[in-house]
1. Can you give me the distance in nm between label points at residue 161 and residue 306, each placed 7 Å from the Cα along the Cα-to-Cβ direction?
2. Quick one: order 233, 278, 163, 283 by neighbouring beta-carbon count within 10 Å, fewest to most.
3. Given a Förster distance of 22 angstrom, what is the FRET efficiency for residue 239 paired with residue 327, based on the Cβ-Cβ distance and rounded to 0.05?
4. What FRET efficiency comes out for residue 122 versus residue 202 if R0 is 25 angstrom and r is the Cβ-Cβ distance? Round to the nearest 0.05.
5. Listed highest first by mean packing, meaning other Cβ atoms within 10 Å per residue, what order do 262-270, 288-296 come in?
6. For the range 79-329, what does the relative contact order come out to in percent, with C-alpha contacts under 8 Å and a separation of six or more?
7. Mind giving me the nanometre distance, one decimal, between the label points for residue 194 and residue 81, set 7 Å out from Cα along Cα→Cβ?
């Protein structure tokens, strides 16, 4: 322990200058690092009370120092910035989790080839002349590609590793966490929708709505994928289990198969036709098909958007409630 050259007392981090009667604390000027005092007061607290000469600082100087520290320290960055940051992290995780994306690329193309190859002649014989079954099935391939694809697998790993708990301790907005993940999902599902569209062009399918209709087609497909992603996020936040998230694809089965995915509505019969009328995927498929076959069918597009937004509100609400429940448990 070092001693003061003036009074001979042992010197800790702070010492009374020259002798114990000086009545104020100053920094040691010997250029060495001493241990923290037992009182637990740190340098930042003392700096608020003293100027550089060791005299008590005035209120104005203390306020200036606090302002300087607040300028250099962390502060809430805003809702938009939080969303962009979370979305960027979600996009960067895609190359590291590429195996979860491969089925969304292979399965739709495989099913499209099987369905067109097996039902093309049958539907051509039943439906009016000129019916393009390949154009009819392109939206189905899109729905298979984008439904249920999300960063929920990354979120459940964050739950297990404790990263989400640490993130929730920061000033980040809770909605920005989910919205940022959904923004990355939108970019992903639009990229996944490009392949079936390119396959349709290769088979001679033409968009009656033109080039702008292709963009609207991809945008509506991406909007549907993001709307449905709330269900996997709700499962991930509620259970924190990778197995439960992987099993969440079961939710997609009634949405896709109990609809006009394979034949037009007039060929459905009995209870299946009734169920298809209340299935939001039916209206999304009609909106997508209208861009290919009809052109700009306002009525079909409005119904598709309403169905997508309605389902998105339900799914996002469930995921927010699951996030709120996890936050309250934490």
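Please treat every number below as a calculation from the coordinates, not as lab data. In this text the structure is predicted, and so the values were computed from the model without any measurement. Using ideal geometry, Cβ is built from the backbone for each residue, glycine included, and neighbour counts are taken over all protein chains shown.
1. Placing both labels 7 Å beyond Cα along the Cβ direction yields 4.4 nm.
2. 278, 163, 283, 233
3. Result of the calculation: an efficiency of 0.90.
4. For R0 = 25 Å, the calculated efficiency reads 0.60.
5. Peptide ranking by packing, descending: 288-296, 262-270.
6. Relative contact order for the range 79-329 comes out at 25 percent.
7. Once both label points are built, they end up 3.1 nm from each other.
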